[in-house]
Amino acid sequence: MPLVRCPDCLSAVSDQAPVCPHCGRPLHPRKLPDDLEQLSCALVLEEADFNDPNLAALLGELMGCAEEETATLRGQTPLVVQRALSCAACMETAQRFGRGNSLSVYLDEDAVPGRLSRAQPICSCSPQSVPLHFPRPLSFWKTVGAILTALALWNLFLLILGFLLASV
């Protein structure tokens with residue numbers, strides 16, 4: 001039984017295991033059909049800006065509950081917003097959410113509380129006003145390089161300034 005490394009926790013795992021026993025990440029991604037419109041999908045709210053005044057009304061409309069009931073959903077993310085939709089319908093609905101909300105599309109069979117934490121999304125979507133990728137912080141060596149470059153430029157500036165003041 002050969003061992004492979006889990007991409008998330010880097011632990012040694014059997015190549016026959018469907019998920020990593022340490023972190024729960026699926027090791028063998030599910031093969032999806034070429035035509036995603038055949039799939040029954042669910043839209044899941046991963047992160048929400050509960051200070052957004054339109055969020056309660058939108059959740060109430062999509063989930064079929066009163067706006068007062070949506071106040072009890074605060075902090076209960078991930079939250080299944082809609083189920084049994086096509087992939088395109090999920091993407092269109094995701095664009096209705098405002099800034100600061102992050103949504104993912106899962107297979108409908110995975111959108112249950114016990115499986116949702118271990119399932120891989122088909123795709124993640126954010127409203128167009130939110131950037132899809134945030135800049136990552138610099139690594140240690142890139143930070144060292146940036147500091148050394150700044151010091152070299154500062155010394156060059158002082159050298160030029162010294163020549164200018166000496167010539168006056």
In what sequence, highest mean first, do 141-147, 117-123, 43-49 appear when ranked by Cβ atoms within 10 angstrom? 43-49, 117-123, 141-147
Length-normalised contact order of the chain in % [C-alpha pairs under 8 Å, at least 6 apart]: 20 percent
Options (1) 36, 21, 17; (2) 23, 18, 17; (3) 45, 28, 15 for semi-axes √(5λ) of the Cα gyration tensor in Å; the value derived from the coordinates is listed as (3)
Roughly how many debye, to the nearest 20, is the charge dipole of the chain about its Cα centre, given +1 on each Lys and Arg Cβ, -1 on each Asp and Glu Cβ, and no other charges? 840 debye
Gap in Å between the Cα centre of the stretch 140-155 and the Cα centre of the stretch 105-121? 45 Å
How high is the FRET efficiency between THR77 and HIS22 when r is their beta carbon distance and R₀ equals 35 Å, given to the nearest 0.05? 0.90
Taking θ = phi - 60°, what integer Hz values does the Karplus form 6.51 cos²θ - 1.76 cosθ + 1.60 yield along the stretch 104-111, in sequence order, with x for Gly and Pro? 9, 10, 10, 5, 4, 5, 8, 8
Can you name the helices of the chain, as whole DSSP H runs, whose Cα span along the helix axis is 30 Å or more and whose Kyte-Doolittle mean is not below -0.5? 140-167
GNM top mover of LEU55, LEU158, LEU27 - the chain, alpha-carbon springs below 10 Å: LEU158
Out of residues 5 or more away from GLN82 or on other chains, whose amide H comes under 5 Å of its own, with H placed 1.01 Å from N in the peptide plane? LEU43
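No value in this document is a laboratory result; all are computed from the given coordinates. Note that the structure is predicted; figures quoted are calculated from it, not measured. Counting neighbours? That spans all protein chains shown, and the Cβs are built from the backbone with ideal geometry, glycine included.
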